[in-house]
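The values are calculated or read from the model by the stated rules, or taken from the named source; none is laboratory data. Note that the structure is predicted; figures quoted are calculated from it, not measured. Here Cβ is always computed from backbone atoms with ideal geometry, including for glycine, and neighbour counts include all displayed protein chains. Surface accessibility is based on the protein's heavy atoms, side chains included, excluding ligands, DNA and RNA. Shrake-Rupley method; radii C 1.70, N 1.55, O 1.52, S 1.80 Å.
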Amino acid sequence: MNQYEQLCQRIAEQGTWVTNERTGIKCLTVVNADLEYDVGANAFPLVTTRKCFYKAAIAELLGYLRGYDNAAQFRAIGCNTWNANANENQAWLANPARKGTDDMGRVYGVQGRAWQKPDGSSLDQLQKVVNNLSQGIDDRGEIITFYNPGEFDLGCLRPCMHTHTFSLLGDTLHLTSYMRSCDVPLGLTFNMPQCFVLLALMAQITGHKAGKVYHKIVNAHIYENQLDLMVNEQLKRAPFPMPSLSINPDIKSLKDIETWVSTDDFQVHDYQCHPPIAYPFAV
Ligand SMILES: Nc1nc(=O)c2c([nH]1)NC[C@@H]1CN(c3ccc(C(=O)N[C@@H](CCC(=O)O)C(=O)O)cc3)CN21
Ligand SMILES: O=c1ccn([C@H]2C[C@H](O)[C@@H](COP(=O)(O)O)O2)c(=O)[nH]1
């Protein structure tokens, strides 16, 4: 059993039932989980005990890096994950800040690329980190945070993977990523490869070796309507060896990521997996 399945098992065996107001579905929950991905060794953390959709996960990450704020933009690059939160969540539909169909508001990428400053201008957190790392600078604050409590009411959902901190040790770049809330059967299968790709891409465009990702999760949960599939189906399957990932070496800058990069620039090798499982999604 590897780290993903161990976390699932831990929740199943030791979790506490917690009611969730927002979705109305209770969750079996643990606090504090640490996952680690070795990007330097190219061990791509794609779950093998069910078929996972890494192209959609990478597309979602590309959308965040480009500062997208609309589910149609995500769909256009092969990612459907924001349709429900943008268009079916009653609280967001009733929010006067919502600009219409598919609008997600000031979430993730908007905060990462255009954090609103008091003087009316905006701050591009990602560009600052790229500039520093490209010059070999780690000021011990190479942080991109999407967590802006003053603007929660302007977005459809608070960010779950909310902060990414880069650390440069010699010529090797590492990443520590923080997550406040984790849907382990669904969201985490996207978030693990996303953290890996984020470090791999940042190392590639800033000219460093990629080291490790340290993924720190606070609230890790399985929704009640997902538990039976997890315990009686997925956890009965034996994991396969981890696949690897290759990234188009022509990707050399943040501009490249913003302009022409697509999911076709990422190839997964040796992905042997069990059949898909359609887990229910809580809006
Ligand atoms: N309840 C909930 N769980 C989440 O994981 C989650 C949210 N809400 N809201 C915001 C984003 C959207 N995310 C999502 C949304 C949908 C899938 C999903 O349906 N995945 C399926 C099919 C993927 C595909 O076909 O592309 C899967 O089997 O992984 C995954 C992550 C992650 N986040
Ligand atoms: O990248 C993501 C985004 C979202 N999630 C999950 C975690 C929760 O189940 C929901 C968000 O609900 P909150 O009420 O805002 O905590 O989405 C994820 O796992 N990964």
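Once segment 145-173 is narrowed to residues that are farther than 30 Å from residue 94 by Cβ and under 16 Å from the mean Cα position of the chain (by Cα), the residue that is nearest to ligand 1 (Cβ to nearest atom) is 164. Restricting the first member to segment 185-197 and to residues that are under 20 Å from residue 227 (Cβ atoms), and the second to residues that are within 9 Å of ligand 2 (Cβ to nearest atom) and part of a helix (DSSP H, G or I), the beta-carbon pairs closer than 7 Å and six or more apart or on different chains are 190/60.
A quick yes/no check of all residues on (1) of a type in the set (A, V, I, L, M); (2) within 25 Å of residue 110 (Cβ to Cβ):
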position: 192; (1), (2): yes, yes
position: 212; (1), (2): no, no
position: 221; (1), (2): no, no
position: 225; (1), (2): no, no
position: 254; (1), (2): yes, yes
position: 265; (1), (2): no, yes
position: 280; (1), (2): no, no
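Only a single criterion out of (1) within 30 Å of residue 172 (Cα to Cα); (2) out of contact with any Leu (no Cβ under 7 Å at 6 or more places or on another chain); (3) crowded, with 17+ Cβ neighbours inside 10 Å is not satisfied by residue 98, namely (1). Scan segment 192-221 for residues that are under 15 Å from residue 179 (Cβ atoms) and touching a Ser or Thr at 6+ places or on another chain (Cβ under 8 Å) and the total you get is 10.
Residues of segment 104-120 that are part of a loop (DSSP other than H, G, I, E, B) and open to solvent by less than 40 Å² (accessible area, probe 1.4 Å): 104, 107, 114. The set of residues in segment 154-185 being surrounded by fewer than 19 Cβ atoms within 10 Å (Cβ to Cβ) and over 20 Å from residue 113 (Cβ atoms) consists of 167, 169, 170, 171, 172, 176, 180.
Return a yes/no flag: does segment 72-94 have any residue that is polar (S, T, N, Q), within 12 Å of ligand 1 (Cβ to nearest atom), assigned to a loop (DSSP other than H, G, I, E, B) and farther than 21 Å from residue 193 by Cα. Within segment 72-94, one or more residues are polar (S, T, N, Q), within 12 Å of ligand 1 (Cβ to nearest atom), assigned to a loop (DSSP other than H, G, I, E, B) and farther than 21 Å from residue 193 by Cα. Restricting attention to segment 191-220, the residues that are of a type outside the set (Lys, Arg), open to solvent by 10 Å² or more (accessible area, probe 1.4 Å) and within 20 Å of residue 28 (Cα to Cα) add up to 3. Within the bounds of segment 65-76, is there any residue that is over 20 Å from residue 219 (Cβ atoms), buried (at least 23 other Cβ atoms within 10 Å of the Cβ) and within 13 Å of ligand 2 (Cβ to nearest atom)? Yes, because at least one residue in segment 65-76 is over 20 Å from residue 219 (Cβ atoms), buried (at least 23 other Cβ atoms within 10 Å of the Cβ) and within 13 Å of ligand 2 (Cβ to nearest atom). Would you call residue 32 polar (S, T, N, Q), part of a loop (DSSP other than H, G, I, E, B) and either open to solvent by 50 Å² or more (accessible area, probe 1.4 Å) or out of contact with any Asp or Glu (no Cβ under 8 Å at 6 or more places or on another chain) (or both)? Spelling it out, it is not the case that residue 32 is polar (S, T, N, Q), part of a loop (DSSP other than H, G, I, E, B) and either open to solvent by 50 Å² or more (accessible area, probe 1.4 Å) or out of contact with any Asp or Glu (no Cβ under 8 Å at 6 or more places or on another chain) (or both).
For segment 132-182, taking the residues that are touching a Phe, Trp or Tyr at 6+ places or on another chain (Cβ under 9 Å) and basic (Lys, Arg), the one that is nearest to ligand 2 (Cβ to nearest atom) is identified as 158.
Restricting 50, 22 to residues that are within 13 Å of ligand 1 (Cβ to nearest atom), open to solvent by 70 Å² or more (accessible area, probe 1.4 Å) and either under 27 Å from residue 261 (Cβ atoms) or not in a helix (DSSP H, G or I) (or both) narrows the list to 22.
Within segment 186-283, which strands (runs of 3 or more DSSP E) (wholly inside it) include 1 or more residues that are touching a helix residue (DSSP H, G or I) at 6+ places or on another chain (Cβ under 6 Å), among the aromatic types (Phe, Trp, Tyr) and on the phi < 0 side of the Ramachandran plot? Explain how you work it out, then say what you get.
Values: elements: 209-223, 244-247, 266-269.
Qualifying strands (runs of 3 or more DSSP E): 266-269.
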